[in-house]
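Report on one structure; see the data block that follows.
The values are calculated or read from the model by the stated rules, or taken from the named source; none is laboratory data. Just so it is clear, the model here is predicted, and its values are computed rather than measured. Note that each Cβ is placed from the backbone with ideal geometry, even for glycine, and that neighbours are counted across all protein chains shown. With ligands, DNA and RNA removed, areas are computed over all heavy atoms of the protein, side chains included. Shrake-Rupley method; radii C 1.70, N 1.55, O 1.52, S 1.80 Å.
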Amino acid sequence: MGTRRFRLGALAGAAIVVLASHPASAQWQVESKDGKSSIKIGFLAQPQIEVADTADGSGRSTNLFLRRFRVLFGGKLSDKWTFFFETDSPNLGKANPDRTANPTGAKDAGSIYIQDAYFTYNQSDALKVDAGMILT
């Protein structure tokens, strides 16, 4: 009975999210008066809930964490130079459900790394040069 209630609640929650969704505007932008330079700062957060029964069926582990948390920077230094920089922190706040490996149930503090970072030099529409790092 509890599993059925959980599934119905999850389905109702998903329907509410889909029906109430609209385009996200999670960025902040600053632009110079002449419009030749700008910076945009944004973020992406993907929450996740994980419910797992123990192997012997005697208990249940519930985890609410951020599957993805990214901070993004981008902008224009001049008419010819642009940049983009993105960080990532996966599984932020996730606890290991294995009580032998994690007896206290401590949450992961997360690690931050650079996902993408590059500059673009725009000589013309026919010639653009990118330099940096893109994680595929």
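The angle between the Cα long axis of helix 2-20 and the longest principal axis of the Cα atoms of the chain comes to about 20 degrees, rounded to the nearest 10. Taking amide H as placed 1.01 Å from N in the peptide plane, the amide H of Ser37 sits under 5 Å from that of Ser32, each at least 5 places away or on another chain. Amide H contacts of Gln115 (H built 1.01 Å from N, in plane; Pro and chain starts excluded): Glu86, Thr87, Asp88 sit under 5 Å, all sequence-distant by 5 or more or on other chains. For the chain, what number of Lys pairs, 8 or more residues apart or on separate chains, have alpha-carbon atoms under 26 Å from each other? So the count works out to 12. The HN-Hα couplings worked out from phi for region 27-37 by the Karplus form 6.51 cos²θ - 1.76 cosθ + 1.60 (θ = phi - 60°) are 9, 10, 10, 10, 10, 5, 4, 7, x, 7, 9 Hz, whole numbers, x standing for Gly and Pro. If the chain linking Ile49 and Val129 were pulled fully straight, counting 0.36 nm for each residue of separation and taking away their Cα-Cα distance, it would gain 24.6 nm.
Averaged over its residues, the chain has an accessible area of 75 Å² per residue, based on protein heavy atoms and a 1.4 Å probe. Backbone geometry of region 125-136 corresponds, through the Karplus equation with coefficients 6.51, -1.76 and 1.60 at θ = phi - 60°, to 3J(HN,Hα) couplings of 5, 8, 9, 10, 10, 9, 9, x, 9, 10, 7, 9 Hz, x marking Gly and Pro.
Residues whose amide H comes within less than 5 Å of that of Ala95, counting only those at least five positions distant or on another chain, are Asp108 (H built at 1.01 Å from N in the peptide plane). Take the alpha carbon gyration tensor of region 54-109, find the square roots of its eigenvalues, order them as a ≥ b ≥ c, and report rounded if a/c is under 1.5; if not, report prolate when a/b exceeds b/c, else oblate. Because a/c hits 1.5 or more and a/b exceeds b/c, region 54-109 counts as prolate. Compute the signed sum of charges (Lys and Arg +1, Asp and Glu -1) over the other residues within less than 11 Å, Cβ to Cβ, of Thr82. The answer is +2. Within the listed set Lys76, Lys33, Lys94, the Gaussian network model of the chain (springs between alpha-carbon atoms below 10 Å) gives the highest mean-square fluctuation for Lys33. Given in Å, the Rg to one decimal and the Dmax to the nearest whole number for the Cα atoms of the chain are 21.5, 66. Please label the shape of region 31-79 as rounded, prolate or oblate, based on the square roots a ≥ b ≥ c of the eigenvalues of the alpha-carbon gyration tensor (a/c under 1.5 means rounded; beyond that, a/b larger than b/c means prolate, else oblate). Here region 31-79 falls in the prolate category.
Measuring r between the beta carbons of Arg67 and Ile39 and using R0 = 25 Å, the FRET efficiency lands at 0.40.
Taking all protein chains in place and a 1.4 Å probe, what share, in percent, of the accessible surface of region 42-81 do carbon and sulfur account for? C and S fraction of accessible area: 58 percent.
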